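The values are calculated or read from the model by the stated rules, or taken from the named source; none is laboratory data. Computed from a predicted model, the values in this text were never measured in an experiment. No Cβ is skipped: glycine too gets one built from the backbone with ideal geometry, and neighbour counts run over all protein chains shown.
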Amino acid sequence: MSRSRRISRSSGSVGAASGPASEDEKMIRSTDFFKKLEVRMFCTNCGSNVEGEFCTNCGARPGLTDAAASAIPVTDVGLRVAGYLLDAIPAIVVGLLVGWIPVVGAIILGFILLIYWLLRDIAGSSLGKLILGLKVVKKDGSPSGASQRILRNLPIAFGPALLIIPLAGYVIAPVVAVILILTEAILLLTKKERMGDMLAGTTVVKKSAAVVVAPPSSLSANG
């Protein structure tokens, strides 16, 4: 009887030693686990669960602390308004050159202004921002993408684009443009960001203001 118990115990110990590793051990040994652990985080900005490089809810990068976010300098509202006024100069000139042509002129002007306003920041800085030393970045201070630079100008471009509508565009376009510009101005004065910035997750900073955002891996390593 004692001999059978010994055999049972020895076989059990051998099975434990040579048996398959537990699920936890497999995950710890897997390098993919660490990659997933680095990405699956909670956003420090809004608290949402993050499964990519950036939070799909607010656009912030995981691991960016409130202190780092507050370190991003807010550009003076006056500078941003001045940049917009400088950007408006080419649009006014084109309007004077083309807008006087009956019917067709308004349609052509609508297409030109649509493209101009949408693409004004495509290189990172519009004409006005370039003169004033400003640039478009993401809200966490990292470089913005082309799609974000286009999206942020959609509210400004929408009004002039309505000139494409024959005849009715003469009436609709100015009204819609004024409403959208006033909305943008109110948001800029009260929240320090335009509707376009809210849509695209962008902001405007001085080119001299360098913001370094530490990647999640380095933040994890430093505790």
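Scanning the stretch 128-141 for residues that are over 14 Å from Ser208 (Cβ atoms), of a type outside the set (Asp, Glu) and surrounded by 15 or more Cβ atoms within 10 Å (Cβ to Cβ) turns up Gly128, Val136, Lys138, Lys139.
You will find that of Gly52, Gly59, Gly133, Gly124, the residue that is at pLDDT below 85 and at positive phi is Gly59 and no other. Of the residues making up the stretch 171-219, those that are at pLDDT below 90 and hydroxyl-bearing (Ser, Thr, Tyr) are Ser208, Ser217, Ser218.
Residues checked against (1) touching a helix residue (DSSP H, G or I) at 6+ places or on another chain (Cβ under 9 Å); (2) in a helix (DSSP H, G or I); (3) among the polar types (S, T, N, Q):
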residue: Val93; (1), (2), (3): no, yes, no
residue: Ile156; (1), (2), (3): yes, yes, no
residue: Gly159; (1), (2), (3): yes, yes, no
residue: Pro166; (1), (2), (3): yes, no, no
residue: Gly169; (1), (2), (3): yes, yes, no
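For (1) more than 14 Å from the chain's Cα centre (by Cα); (2) over 18 Å from Val81 (Cα atoms), each residue gets a yes or a no:
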{"position": "Ser142", "(1), (2)": "no, yes"}
{"position": "Leu163", "(1), (2)": "yes, yes"}
{"position": "Leu167", "(1), (2)": "yes, yes"}
{"position": "Val178", "(1), (2)": "yes, no"}
{"position": "Ala185", "(1), (2)": "yes, no"}
{"position": "Leu189", "(1), (2)": "yes, no"}
{"position": "Thr202", "(1), (2)": "no, no"}
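If you go through the stretch 153-175 and keep only what is more than 25 Å from Ala200 (Cα to Cα) and among the small types (Gly, Ala, Ser), you end up with Ala168, Gly169.
The residues of the stretch 177-204 that are part of a helix (DSSP H, G or I) and touching a Pro at 6+ places or on another chain (Cβ under 9 Å), listed by number, are Ala177, Leu180, Ile181, Thr183, Glu184, Met195, Gly196, Leu199.
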